[in-house]
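Contents: one structure, followed by commentary.
The values are calculated or read from the model by the stated rules, or taken from the named source; none is laboratory data. This structure is a prediction, so every number in the text was calculated from the model and none was measured. A quick note on method: Cβ atoms are made from the backbone with ideal geometry, for glycine too, and the neighbour counts reach across all protein chains shown.
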Amino acid sequence: MKIDLLNVSKAYGQGEAQFWALKDATVSATEGDFISIVGPSGSGKSTMLHIFGCLDKPTEGEVRVDDQLISTFSDQQMSRIRRDHIGFVFQQYYLNASMTALQNVLLPMQLAGVKGGKEKAAAALETVGLGGKLRSYPAQLSGGEQQRVAIARALANAPSIVLADEPTGSLDTATGKNVLDMLMALNRERNLGVVIVTHDETVAQKAKHMIHVLDGRIS
Amino acid sequence: MSWIIFANARKRKVRVAMTVGGIAIGVATLFALLSLSAGIENALDREISGMGAHILLLPEGCPYELTLALMQGSDAFEHIPAELLPDIRAVDNVALAVPVVVGKAKVNGQLSSVYGTTQEILQVRQWGIDALEGAVIGSDVAEKLGLAVGDIVTISLYTSVELPITHVLDRTYGRDDTFVFVALSVAQQVLGLADRLSAVLIRTEVVTESTRTQYTLARMSDIQAVPPSDIFERLMELFASIKQTLILITGIAIVAGVMTTMNTMTMAVFERKKEIGILRALGSTKFNVFKLFVTESLLLSLVGGVVGLIAGYVATLFLPKTSGFGLEATPQFSPIYVVICLIVAILVGVASSLYPAMSAARTQPIKTLREL
């Protein structure tokens, strides 16, 4: 799967309150890519990631998924792309506190109607080294473990691309490195496309391609 | 999807319990109301048809109050002069005229209903005994006072008499179970109602001619003649209007329940914005989110419905058995009431979840994620 952002701009607010979070960005991502989007807070990097992830539509420009223009897509079609082809990892993990690690990973599979989900979810948790914590609730896990559950959840429906928004932002250096190494290994071994948003240059430099964003523009 | 709902419910136990409780109260009230109403209707039917009369002769006054007093075994303080009895018996088509006098008196020190009548009562009541001698007592009286055949019972009000118990009637599940039957003259003497009657039960020779006979009897002074079926219909009409009012009140309580559940669900949507945002990011469609909230509400309502049915059933068993008409009414349980209550619970679930579910479905994942 290939996602192309072509001269994409995104504005928030209206009239005098309107501001452009992203201006004229052209960038692509596909399987096997490892891209870091780097920039200070408020530079527009998360906005770019959200448009990549079909969570948002641009104000101007085009977004194409496998050459199909998504501006014509319905909510259902956008949801299906997110569900089947894109995995999300967030800085605050965003796990459901009332569900076990296994149930959190199972959730996207249930949405996709995957059969035998439990075995696959357990395998995904095994991949991130949490085979022994299937029945643990998020509150019983460390930050690094929770982020690994989030990665397993992102991998649940075997996506083509994983979009990670500051995935190491809430972790200490050593744990953050582990998480990053995991994403790199998945990119290398499974040809998974990885797009990381970060303000940390050290993290950004691990990527094959770096995109610098400043004041909404790619510099 | 159900495990997602159960996982969320586990996290919000108090809120879930309150929602289920609110629906359960409404359903329990409705179930109890329906069961008790049916029980009262049955009791009225049983008592009036159980009189065994084609025509009921009553003193002047409100026929419904007088009939209820007669069924309850209370003196209505309005009476028919006993001297009219030969004239009544002489009316064409009257096969049987059974004089009755009722009132409360102390039976072995405890207040009970005394029913004075003649041997003719045995032709209209199916008691399976040969003669009304001494005191014939209902099964409840026997149980309450610990009496058996052969015991001597003391009945007193204006005067006191001692009578042997000759029969304990089989249980009829009607008011007869609560009466002490004695000879007319004995009851008149004890109750201070000499030469007076509470009512006369009339059986006609030709039932199809009963209306004509009723008009003839009604022309006699100091009495009114009414067919028990008319009394039954009017009492049922009266009861129907009471029932309608109660159903309306229950309906208002259920609407209040809908509003409360809607409020709970709306608050739940606000509280779960993060969860909804993540669900949407993971690929959940607007319809998936809508379905999740409606299903959750439906499940809670169904659980509330079942809990309400059980609570309503138990409550009717413990509620006083005496209805507003002073009749002993056994609640009537019917599968149709269960179905009605569950349908009401489902409607409550759907009605209360539509707005919150639509609001949840409208949640923009990007907006939520930005706010997190």
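Quick rundown of the values:
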item	result
Scan of region A:123-144 for residues that are over 17 Å from the mean Cα position of the chain (by Cα), part of a helix (DSSP H, G or I) and touching a residue at least 24 places away in the same chain (Cβ under 8 Å), ordered by number	A:Leu125, A:Thr127, A:Pro138, A:Ala139, A:Gly143
Options B:Thr316, B:Thr285: the member that is touching a helix residue (DSSP H, G or I) at 6+ places or on another chain (Cβ under 6 Å), within 14 Å of chain A (Cβ to nearest Cβ) and crowded, with 21+ Cβ neighbours inside 10 Å	B:Thr285
Number of positions in region A:73-86 that are basic (Lys, Arg) and either more than 8 Å from every other protein chain (Cβ to nearest Cβ) or not in a helix (DSSP H, G or I) (or both)	0
A:Ser28 vs. criteria more than 14 Å from chain B (Cβ to nearest Cβ), free of Cβ contacts under 8 Å to residues at least 40 places away in the same chain and in contact with a strand residue (DSSP E or B) (Cβ under 7 Å, 6 or more places away or on another chain)	yes
Residue within region A:50-71 that is at the interface with chain B (Cβ under 10 Å from one of its Cβ atoms), among the hydroxyl-bearing types (Ser, Thr, Tyr) and closer than 19 Å to B:Gln364 by Cβ present	no
Output for region B:122-159, where each listed residue is more than 19 Å from B:Tyr173 (Cβ to Cβ) and of a type in the set (Val, Ile, Thr)	B:Val149, B:Ile152, B:Val153, B:Thr154, B:Ile155, B:Thr159
Complete set of residues in region A:87-112 that are at the interface with chain B (Cβ under 8 Å from one of its Cβ atoms) and either in a loop (DSSP other than H, G, I, E, B) or among the β-branched types (Val, Ile, Thr) (or both)	A:Phe90, A:Gln92, A:Tyr94, A:Asn96, A:Ala97, A:Ser98, A:Met99
Scope region B:1-31; condition more than 13 Å from chain A (Cβ to nearest Cβ), more than 23 Å from B:Ile336 (Cα to Cα) and of a type in the set (Val, Ile, Thr); matching residues	B:Val14, B:Thr19
Residue within region B:235-250 that is farther than 27 Å from B:Tyr115 by Cβ, loosely packed, with under 13 Cβ neighbours inside 10 Å, at pLDDT below 90 and acidic (Asp, Glu) present	yes
Qualifying position, being away from every other protein chain (no Cβ under 14 Å) and either over 26 Å from B:Leu30 (Cα atoms) or surrounded by fewer than 23 Cβ atoms within 10 Å (Cβ to Cβ) (or both), among B:Met358, B:Met259	B:Met259
Test: residue in region A:68-78 that is surrounded by 21 or more Cβ atoms within 10 Å (Cβ to Cβ) and without any contact (Cβ under 8 Å) to a residue 40 or more places away in the chain	yes
Search result, residues across region B:66-78 that are within 21 Å of B:Ile48 (Cβ to Cβ) and surrounded by fewer than 19 Cβ atoms within 10 Å (Cβ to Cβ)	B:Ser74, B:Glu78
Test: residue in region A:123-135 that is under 25 Å from A:His50 (Cα atoms), among the charged types (D, E, K, R) and exposed (fewer than 14 other Cβ atoms within 10 Å of the Cβ)	no
Residue identified as surrounded by fewer than 18 Cβ atoms within 10 Å (Cβ to Cβ) and within 25 Å of the chain's Cα centre (by Cα) among B:Glu120, B:Glu143	B:Glu143
Filter result for A:Gly44 (touching a residue at least 24 places away in the same chain (Cβ under 8 Å) and under 17 Å from A:Gly193 (Cβ atoms))	no
Contacts under 9 angstrom Cβ, first residue in region B:246-265 being over 17 Å from B:Leu300 (Cβ atoms) and outside the structural domain of B:Val14 (by TED's automatic domain parsing), partner of a type in the set (A, V, I, L, M) and at pLDDT below 85, 6 or more apart	none
Residues located in region A:1-46, provided they are among the charged types (D, E, K, R) and either assigned to a strand (DSSP E or B) or farther than 27 Å from A:Asp84 by Cβ (or both)	A:Lys2, A:Asp4, A:Lys10, A:Glu16, A:Lys23, A:Asp24
Selected residue (only one of A:Lys115, A:Lys120 is more than 9 Å from chain B (Cβ to nearest Cβ), more than 16 Å from the chain's Cα centre (by Cα), closer than 28 Å to A:Leu180 by Cβ and charged (D, E, K, R))	A:Lys120
Residue match in region B:188-196 (condition: under 31 Å from the mean Cα position of the chain (by Cα) and either within 14 Å of another protein chain (Cβ to nearest Cβ) or in a strand (DSSP E or B) (or both))	no
Selection count, region A:153-208, where residues are among the hydrophobic types (A, V, I, L, M, F, W, C), within 14 Å of another protein chain (Cβ to nearest Cβ) and not in a helix (DSSP H, G or I)	7
